[in-house]
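The next block holds one structure in the form of structure tokens; read it before the comments.
The values are calculated or read from the model by the stated rules, or taken from the named source; none is laboratory data. Just so you know, these numbers come straight off a predicted model, no measurement behind them. Positions of Cβ are generated from backbone atoms using ideal geometry, with glycine treated the same way; all protein chains shown enter the neighbour counts.
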Amino acid sequence: MATPAPVVSNTHSPAHYDVIIIGAGINGMLQLIRLRELGLSVRVFEAGTDVGGTWYWNRYPGCRFDSESYTYIYSFSQELLDEWDWSEHFSAQPETLGYCNHLAQKFDLRKDIQFNARVKTAIFDEARNEWEIALEDGGQARSRFFITAVGPLSTPVMPNIEGMASFKGESYHTGLWPHTPVDFKGKRVGVIGTGASGVQLIQTIAKDVKHMTVFQRRPNWCSPLNNSRISKQEMAEIRQRYPEIFAQCRATEGGFMHIADSRKATETSPAEREELFEKLYRTPGFAIWLGNFYDTFMDDEANRILSEFIARKIRGRVKDPKVADLLIPTDHGFGTRRIPMETGYYEVFNQDNVELVSIKDTPIERITTTGLRVADRDYEFDIIVCATGFDAMLGSYDRIDIRGIGGQTLKQKWATGPRTFLGVQMEGFPNMMMVIGPHTGASFCNMPRCGEENVDFVTQLIRFTQQKGYARVQPTLDAENKWTEHVIKMADKLLINKVDSWFTGVNRNVAGRDKRTVLLYAGGAPRYRRRCEEVIASGYADLEFT
Ligand code: NAP
């Protein structure tokens with residue numbers, strides 16, 4: 001349970017800090033640790049009642065990593081590496097939340113975090129070069145620097161289906177899961193959504209439910225997680241290899257351990273292709289996605305060959321060919337949307353008590369008091385679960401009224417898509433920094449690996465600004481334009497950016513999110529890192545200090 005930090009007064013003049021951070025997730029916590037090391041006063045505002053961010057909110061059954069656990073650990077403290085044991089190669093949510101709690105306790109973070117504190121507005125005071133932060137409960141605070149560590153997937157979205165509130169049974173969103181367990185035993189359950197969250201939930205509750213109906217709009221390509229336990233001895237070996245593991249992640253485009261095969265699928269013989277695909281299908285984690293022939297990311301034909309292999313696997317695992325057909329995507333290739341990693345997901349559809357309903361052509365008409373209606377058929381449920389995802393990347397910025405110079409809102413600035421410098425700062429919003437914001441190298445990367453670098457970049461920038469006695473720092477418009485153009489150009493080469501998904505900012509449950517936007521940096525973590533290093537080496541020549 002979180003120790004409550006003193007509440008920011010809403011009756012006295014606002015409390016003042018050097019830095020205010022929004023979010024006490026995995027990156028907000030690290031940012032707090034780093035800024036404390038500079039001797040700065042820092043306040044973190046967190047909407048939840050405790051630390052953990054994603055791992056605090058997503059408590060649904062089956063929620064777990066699909067990053068190797070030992071790549072999802074911060075490397076900055078040897079002591080932390082020495083004392084933390086992972087019990088599985090892909091740890092489940094309770095263990096990861098445990099890691100977050102351990103971090104908070106070890107570094108005594110909670111004393112600087114105010115929980116139950118949702119930020120409503122952040123306004124730059126031009127006269128004082130300070131950010132004025134207002135909370136939804138009326139509390140206020142001011143700071144020289146303002147950092148958003150709000151996470152890319154932290155604004156859950158309910159489906160825009162009529163009658164959502166009318167259902168009289170229990171209903172849940174995977175991203176807002178209750179802290180007390182939900183009992184699925186003997187219940188009739190309807191699940192809407194088959195992304196990574198839906199897949200994890202469905203395969204986990206299938207053994208408990210009386211009956212489950214899965215409502216699938218567009219199927220996703222899923223592949224086996226191949227998870228297993230880590231023995232004490234194996235953990236000791238992993239601990240010895242941490243430097244090697246981190247170095248390997250650093251060398252890859254996405255901060256994972258999987259290294260893309262430098263051959264082209266299109267120039268390799270069918271037998272060689274089959275051999276690699278088979279091997280990767282049995283390899284734990286994202287190997288089949290990130291360790292595959294590199295042209296599967298860029299070339300339609302290479303991607304088609306891989307997609308065909310996965311389709312065969314699905315057909316081999318699902319008994320009813322009609323159901324198998326429904327589960328095989330036809331509107332996008334393998335890996336062009338985020339791959340849900342599964343453990344027995346396809347076999348769930350061989351169970352007599354599980355029904356797959358395709359709502360691709362006949363959407364859910366409405367939610368009723370007893371369930372929902374599709375194409376004149378009424379389904380009755382005790383529980384409805386919406387695994388309908390998030391207003392990715394932009395949602396958490398949109399719900400805060402952020403105003404920079406001249407009262408310009410961030411929403412106005414980003415009306416046609418994000419415009420940033422390195423995904424860290426925006427022209428017109430001095431002293432505001434984003435951690436894992438849109439367009440950072442960390443946006444399409446194993447979070448803690450790139451997050452750690454992102455936090456270090458922000459920390460160094462604040463240190464530089466403070467040491468030089470500057471009151472303001474922001475990018476030049478030219479630097480912002482050049483970076484934004486570069487991000488858009490990089491996106492062009494990947495098939496991912498030619499498909500509707502949260503990667504490309506499309507979410508038809510949210511007004512104004514029906515067009516593709518470049519949210520992620522597709523140039524790879526090493527290229528992004530090099531650019532950050534150049535910026536530092538140039539004495540931050542792309543930035544304007546006042
Ligand atoms: P998601 O991938 O956006 O999936 C949402 C699902 O809900 C999709 O199947 C979508 O269908 C469906 N949906 C949305 N609105 C609907 C509507 N009105 N009617 C019917 N269906 C609707 O969301 P997610 O599964 O929560 O995953 C989001 C991301 O979180 C993942 O891609 C991943 O990056 C992260 N995540 C990670 C892990 C992990 O690390 N292990 C686990 C879970 C999630 P359409 O596809 O047709 O839109």
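Remarks
- Looking at TYR397, TYR379, just one residue is at pLDDT 95 or above, more than 16 Å from the ligand (Cβ to nearest atom) and touching a Ser or Thr at 6+ places or on another chain (Cβ under 8 Å), and that residue is TYR397.
- Residue in region 140-152 that is within 16 Å of the ligand (Cβ to nearest atom), under 26 Å from ASN27 (Cβ atoms), at pLDDT 95 or above and not β-branched (Val, Ile, Thr) present: yes
- Taken over region 49-83, the criterion of being surrounded by fewer than 20 Cβ atoms within 10 Å (Cβ to Cβ), away from the ligand (no atom under 14 Å from the Cβ) and not small (Gly, Ala, Ser) is satisfied by THR49, ASP50, PHE76, GLN78, GLU79, LEU80, LEU81, ASP82, GLU83.
- For region 90-130, filtering for residues that are in a strand (DSSP E or B), under 30 Å from GLU68 (Cα atoms) and among the aromatic types (Phe, Trp, Tyr) leaves 0.
- Extreme residue, farthest from GLY451 (Cα to Cα), among residues of region 278-307 that are among the aromatic types (Phe, Trp, Tyr) and either buried (at least 22 other Cβ atoms within 10 Å of the Cβ) or touching a residue at least 60 places away in the same chain (Cβ under 8 Å) (or both): PHE293
- Tally, over region 350-375, of residues that are closer than 21 Å to LEU225 by Cβ and either more than 28 Å from the chain's Cα centre (by Cα) or away from the ligand (no atom under 15 Å from the Cβ) (or both): 3
- Test: residue in region 258-275 that is aliphatic (A, V, I, L, M), within 23 Å of the chain's Cα centre (by Cα) and over 30 Å from GLU355 (Cβ atoms): yes
- Selected residue (criterion: nearest to the ligand (Cβ to nearest atom)) from residues of region 196-218 that are surrounded by 21 or more Cβ atoms within 10 Å (Cβ to Cβ) and assigned to a loop (DSSP other than H, G, I, E, B): ALA206
- Any pair with Cβ under 7 angstrom, 6 or more apart, that starts in region 408-420 at a residue that is of a type in the set (Val, Ile, Thr) and ends at one that is surrounded by 16 or more Cβ atoms within 10 Å (Cβ to Cβ) and part of a helix (DSSP H, G or I): THR420/GLU480; THR420/TRP483; THR420/THR484
- Among the residues of region 472-515, those that are surrounded by fewer than 16 Cβ atoms within 10 Å (Cβ to Cβ) and within 16 Å of the ligand (Cβ to nearest atom) comprise LYS498, ARG508, ASN509, ALA511, GLY512, ASP514, LYS515.
- Residue in region 500-515 that is touching a residue at least 60 places away in the same chain (Cβ under 8 Å), farther than 22 Å from ASP398 by Cα and not in a loop (DSSP other than H, G, I, E, B) present: no
- Boolean, GLU342 is of a type outside the set (A, V, I, L, M), exposed (fewer than 15 other Cβ atoms within 10 Å of the Cβ) and more than 24 Å from ARG377 (Cβ to Cβ): no
- Residue selected from region 171-195 under the condition surrounded by fewer than 16 Cβ atoms within 10 Å (Cβ to Cβ) and over 30 Å from VAL42 (Cβ atoms), by the criterion farthest from the ligand (Cβ to nearest atom): GLY186
- Every condition in (1) at pLDDT below 95; (2) under 18 Å from the mean Cα position of the chain (by Cα); (3) not in a helix (DSSP H, G or I) holds for LYS493 except the one numbered (2).
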